[in-house]
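Peer 1: Would you mind keeping the following structure in view while I ask a few things?
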Amino acid sequence: MLLLRCPLPFLLLLLPLGSRPQKLPTRDEELFQMQIRDKAFFHDSSVIPDGAEISSYLFRDTPKRYFFVVEEDNTPLAVTVTPCDAPLEWKLSVQELPEEASGEGSGDAEPLEQQKQQITNEEGTELFSYKGNDVEYFVSSSSPSGLYQLDLLSTEKDTHFKVYATTTPESDQPYPELPYDPRIDVTSLGRTTVTLAWKPSPTASLLRQPIQYCIVINKEHNFKSLCAVEAKLSSDDAFMMAPKPGLDFSPFDFAHFGFPADNNSGKERGFLKSSKFGRQTSPKPRVDLHRVCIGNKNIFTVSDLKPDTQYYFDMFAVNTDTNMSTAYVGTFARTKEEAKQKTVELKDGKVTDVFIKRKGAKFLRFAPVSSHQKVTFSVHSCLDAVQIQVRRDGKLLLSQSVEGVRQFQLRGKAKAKYLIRLKGSKKGASMLKILATTRPNKQSFPSLPEDTRIKAFDKLRTCSSVTVAWLGTQERNKFCIYKREVDDNYNEEQKKREQNQCLGPDTRKKSEKVLCKYFHSQNIQKAVTTETIRGLQPGKSYLLDVYVIGHGGHSVKYQSKLVKTRKFC
């Protein structure tokens, strides 16, 4: 009742050579388990084993034939053929065994060559045929006894394929069963993410067999089998390790849309590896096709995809005991378009306030109404450094990191239009002020020295006063100094949070103002000013701020300074 598990010449020798009635042997389960563990046993055999999947190779236009024997009539039979990377033509047929093999004949045995010719030369009765690249099945609850032949042909190219046959389909069930609705649903769609959901395999939910789900993502088409996926990928392409619970794909370290090329992990994992047979082929070029096995959960989010791009998604339920898989009905989806950035128009000589989210970007446009020889961009970054790019009519003119106040002067061009891209900090939100002008003398921001720290003189510190100094420039500007008493536990972290350089004196209390004065020096080496702040309390801490105010009324704050008066004098 079972399929024979031995090479064809041995199969022929098992036919009766004596006069006594004989039967073909039944399945020796212990021997069978030993044989299917040793895959080399069936590697080049023409005999299909009962209840084990074999992998093999077809050369183009070169047919291949496999055999198996069913001993008794009314035997259940299931045959599954899985094409990998090319369509197949295959046919299943059956012919009667020689009369002596049925166990009813007697007399002298036929010569061996005559038996062989009798078995292999007859065409037999065709039971089923198929042409295509689908995973196709022949299933019968009652098959006649006989010698079965499976003929396969690839007319397109050399290709891999898999074959599975069994006479106990009800009990074997090596392939995971699909749910009543085998479709993959797209439950959420974003610019760079797609969330997929599917119903669990009854093999996992009802039969409690070890099932894991493997997702395949690519930009070309859906796949009908995991075998086809493996054929598309190079043999050393890696399976990804399952992400940690709850993370799905972490915010990708993935090149392309989420999957790193780790050429070693596949060798360690060793799951569903395909073998190379026959001709040596040159390595395949890298393809945008990726797979990941995620355990037994049935909802998953794929991240870091490209906006406005169509992707194909396939899901395979894999029995981890047998390494055999079943494909769900694949789906496809197009990610949403990148949100169009609103472009802010800059007016000549007018300061514009800009807020940028963490890691975000803003676009600004400057289109001078008159011809100009030069254009000046002044940028005041209020918090952390920001990146600025300036393009004129599409050509990149400037790409710089800006911290504090910076000024850039570029050559002008008649009827030119300037596009400014500002990229925020990775640390947090960014705020800045920007001014664009074609008039060189129209400068709203004050000039600053390279060093904007305030220095305190410890030896001049008393119980009621402190003396500080700061640098100026060659340009005459107005400087205002403010003080604020703080707790003794006030630290650098608190001070850092208050370092918004764009907040001017108008945000301070009048009682905190110490004085304002004008200062400059033509000799930049001597552009230093000092000031003694009096009327302080003994043993108290104070935060000092210096603001420089430009001709346009805009101010820039120096770095704050924490000082403390002496407790005893």
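Peer 1: Would you be able to tell me the number of residues in region 412-431 that are open to solvent by 60 Å² or more (accessible area, probe 1.4 Å) and farther than 14 Å from residue 377 by Cα?
Peer 2: Our first condition is that a residue be open to solvent by 60 Å² or more (accessible area, probe 1.4 Å); within region 412-431, this holds for 413-415, 417, 419, 421, 423, 426-427, 431.
Next, from what is left, pick out any that are farther than 14 Å from residue 377 by Cα: 413-415, 423, 426-427, 431.
The total comes to 7.
Peer 1: With the structure loaded, tell me whether residue 409 is open to solvent by less than 90 Å² (accessible area, probe 1.4 Å) and under 19 Å from residue 445 (Cβ atoms) or whether it fails that test.
Peer 2: Criteria not met by residue 409.
Peer 1: Checking residue 471 against (1) in the same structural domain as residue 533 (by the TED database); (2) surrounded by fewer than 18 Cβ atoms within 10 Å (Cβ to Cβ), which test does it fail?
Peer 2: (2)
Peer 1: Which numbered condition in (1) open to solvent by 60 Å² or more (accessible area, probe 1.4 Å); (2) farther than 25 Å from residue 197 by Cβ; (3) modelled with pLDDT under 90 is the only one that residue 347 fails?
Peer 2: Result: residue 347 passes all but (3).
Peer 1: Here's another thing I want to ask about it. Quickly run through region 448-479 and pick out the residues that are part of a loop (DSSP other than H, G, I, E, B) and more than 20 Å from residue 555 (Cα to Cα).
Peer 2: Those that are part of a loop (DSSP other than H, G, I, E, B) and more than 20 Å from residue 555 (Cα to Cα): 457, 461, 462, 463, 464, 465.
Peer 1: Can you tell me how many residues in region 468-485 are at pLDDT 90 or above and not small (Gly, Ala, Ser)?
Peer 2: Of the residues in that region, 11 qualify.
Peer 1: Counting only residues that are crowded, with 18+ Cβ neighbours inside 10 Å, give me the strands (runs of 3 or more DSSP E) lying completely in region 289-337 with at least 3 of them.
Peer 2: Working: elements: 289-293, 299-302, 310-319, 324-327, 331-334.
Qualifying strands (runs of 3 or more DSSP E): 289-293, 310-319, 324-327.
Peer 1: Filter the strands (runs of 3 or more DSSP E) completely within region 506-569 down to those with at least 3 residues that are surrounded by 13 or more Cβ atoms within 10 Å (Cβ to Cβ) and either at pLDDT 90 or above or not assigned by the TED database to the domain that holds residue 486 (or both).
Peer 2: Qualifying strands (runs of 3 or more DSSP E): 513-519, 528-533, 541-549, 561-564.
Peer 1: How many residues are in a strand (DSSP E or B) and open to solvent by 60 Å² or more (accessible area, probe 1.4 Å) if we restrict to region 350-361? Spell out the reasoning first.
Peer 2: So in region 350-361, the residues in a strand (DSSP E or B) come out as 352-356, 361.
Keeping just the survivors that are open to solvent by 60 Å² or more (accessible area, probe 1.4 Å) gives 353, 355.
Result for region 350-361: 2.
Peer 1: Anything in region 362-399 that is open to solvent by 60 Å² or more (accessible area, probe 1.4 Å) and under 13 Å from residue 422 (Cα atoms)? List them, or say none.
Peer 2: 362, 365, 387, 391, 399
Peer 1: Restricting to region 187-227, give me the number of residues that are in a strand (DSSP E or B) and over 24 Å from residue 135 (Cα atoms).
Peer 2: 5
Peer 1: Would you mention how many residues in region 45-94 are within 37 Å of the chain's Cα centre (by Cα), at pLDDT 85 or above and not in a strand (DSSP E or B)?
Peer 2: The number of residues fulfilling the criteria is 6.
Peer 1: Which numbered condition trips up residue 212, out of (1) surrounded by fewer than 21 Cβ atoms within 10 Å (Cβ to Cβ); (2) over 20 Å from the mean Cα position of the chain (by Cα); (3) closer than 24 Å to residue 164 by Cα?
Peer 2: Tallying (1) surrounded by fewer than 21 Cβ atoms within 10 Å (Cβ to Cβ); (2) over 20 Å from the mean Cα position of the chain (by Cα); (3) closer than 24 Å to residue 164 by Cα, residue 212 fails exactly one: (2).
Peer 1: Tell me the residue from 196, 207 that is assigned by the TED database to the domain that holds residue 313 and either open to solvent by 60 Å² or more (accessible area, probe 1.4 Å) or out of contact with any strand residue (DSSP E or B) (no Cβ under 8 Å at 6 or more places or on another chain) (or both), please.
Peer 2: It is 207.
Peer 1: Continuing with the same structure: I'm told residue 138 meets every condition in (1) modelled with pLDDT of 90 or more; (2) farther than 30 Å from residue 319 by Cβ except one. Can you identify the failing condition by its number?
Peer 2: Only one criterion in (1) modelled with pLDDT of 90 or more; (2) farther than 30 Å from residue 319 by Cβ is unmet by residue 138, namely (2).
The values are calculated or read from the model by the stated rules, or taken from the named source; none is laboratory data. On a predicted model such as this, the values are computed, not experimentally measured, just so you know. Please note: Cβ atoms are built from the backbone with ideal geometry, for glycine as well, and neighbour counts cover all protein chains shown. The accessibility values were calculated without ligands, DNA or RNA, using every heavy atom of the protein model including side chains. Shrake-Rupley method; radii C 1.70, N 1.55, O 1.52, S 1.80 Å.
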